[in-house]
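Written below as structure tokens is the structure these notes are about.
Each value in this text was obtained by applying a stated rule to the coordinates, not by laboratory testing. On a predicted model such as this, the values are computed, not experimentally measured, just so you know. So basically every Cβ, Gly included, is an ideal-geometry build from the backbone, and we count neighbours across all protein chains shown.
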2 protein chains.
Amino acid sequence: MVKSAPAVLWMLGVAGVALTLTAEVLLRLCRGSTGRLREVLFFPCPAACVERLFAAGRSPCPCPLPHGVETSFSRLLSHLLSARVSVDVCMFAFAHPQLRRALLLLRGRGLAVRVLCDRDYVKVNGSQIGLLRKQGVCVRHDVSAVVHMHHKFAVLDGRTLLTGSLNWTTNAVQNNAENVLVTDEPALVRPYRREFQRLWDAADPDRKCPQQPGPEPPV
Amino acid sequence: MVKSAPAVLWMLGVAGVALTLTAEVLLRLCRGSTGRLREVLFFPCPAACVERLFAAGRSPCPCPLPHGVETSFSRLLSHLLSARVSVDVCMFAFAHPQLRRALLLLRGRGLAVRVLCDRDYVKVNGSQIGLLRKQGVCVRHDVSAVVHMHHKFAVLDGRTLLTGSLNWTTNAVQNNAENVLVTDEPALVRPYRREFQRLWDAADPDRKCPQQPGPEPPV
């Protein structure tokens, strides 16, 4: 008994070191394989069919575009369609029909979808904002005639950020040199989440329409 | 001796666990305090004097702008002026005189400064591109009449990225809702560094001017 107690303690000590080191190694491996999302997408990219992203498992699409090709746009769309709870979009120019379709699909799945856009872009030819609004997506535009809402970012589920130079237009996707940075690093996502909410509140239509004067209070 | 050997082993075991845990805690603390640069700047921001950033220690500036005020623009300028080796700027619209001044200052300090811009923006009223070129900064513009170079990013010393929606114009800084994300996360910086080099090579003036046909080779 006198002999076995130190032996047990020794084994416990060694096992402790081994366990701590193993945990650290596992943690590092885990960070490497399933750690922070850090991806950069560059444009322009060639047009390719994205039907598989909208309707996995259905019969092959007969459209003439290349199929089964992964492009920066299909990656962007994949990220967007991976949202499970909410999508907040803050976009100067929104004219891409497939991105509108994605937002409608997400809304149909029950997600909270909010779109904030520039006041002057709402009625531009090709703008998808009017259609989004008609189809029930919650849309606001900035109320200032001086300050332009020039952001191009989206926050998915409050924890994944897509941001860069890319307006959500077919022309930008297919013709311009653009970038979109994708990350779930909280220190980067948090400020965008806060800024979206601040701009959303500032664009509340109630702020635009001054309260109608009520009846005179009784004397 | 029989008693002390296991005791020593036990102490070694405990010390091992303690040391490993301490190292982990120190590593985490270190990461927190001097870890990755992650900052987001939002615009518009009020105009404020930035002379202190250009000439620290000189006599107070007599200009009428507010002094000693930190704004998103002064933060942006501070990051830019912190470069020590190289600055690669990929900017659709470059019309901010203070940002041109910063690049000239950096070039004067011996840094390698490269500016890549959109072909159509070079001669826009207010563009600083012509002045940069005249003052010796290495400037290229995209050679395609179809693809617009719409990026708004810069890479400092090959390891710090500034990217977002902000064009380098006074109007964008003072009037627009814009964002700039600042990071030195290698997994994010690396793709931008590569993309800059790719676009820079593609915008090589030699590619624009087809080789003059030489004399007929001797038969």
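Data for the structure
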| read-out | value |
| --- | --- |
| Amide H contacts of B:Met149 (H built 1.01 Å from N, under 5 Å, at least 5 apart or other chain) | A:Ala177, B:Arg119 |
| For segment B:36-205, average projected area of the Cα convex hull in nm² | 10.1 nm² |
| Shielding score for A:37-45, defined as the mean number of other chain Cβ atoms within 10 Å | 4 |
| Peptide B:177-188 - average C-beta neighbours from other chains (10 Å radius) | 6 |
| Average beta carbon contacts from partner chains per residue of B:145-152, 10 Å cutoff | 6 |
| Under Karplus coefficients 6.51, -1.76 and 1.60, residue-wise ³J(HN,Hα) of segment A:162-175 in Hz, glycine/proline x | 10, 8, x, 9, 6, 6, 7, 10, 4, 4, 5, 5, 9, 10 |
| Cα-derived Rg over Rh, computed across segment A:72-171 with Rh taken as Kirkwood radius | 0.93 |
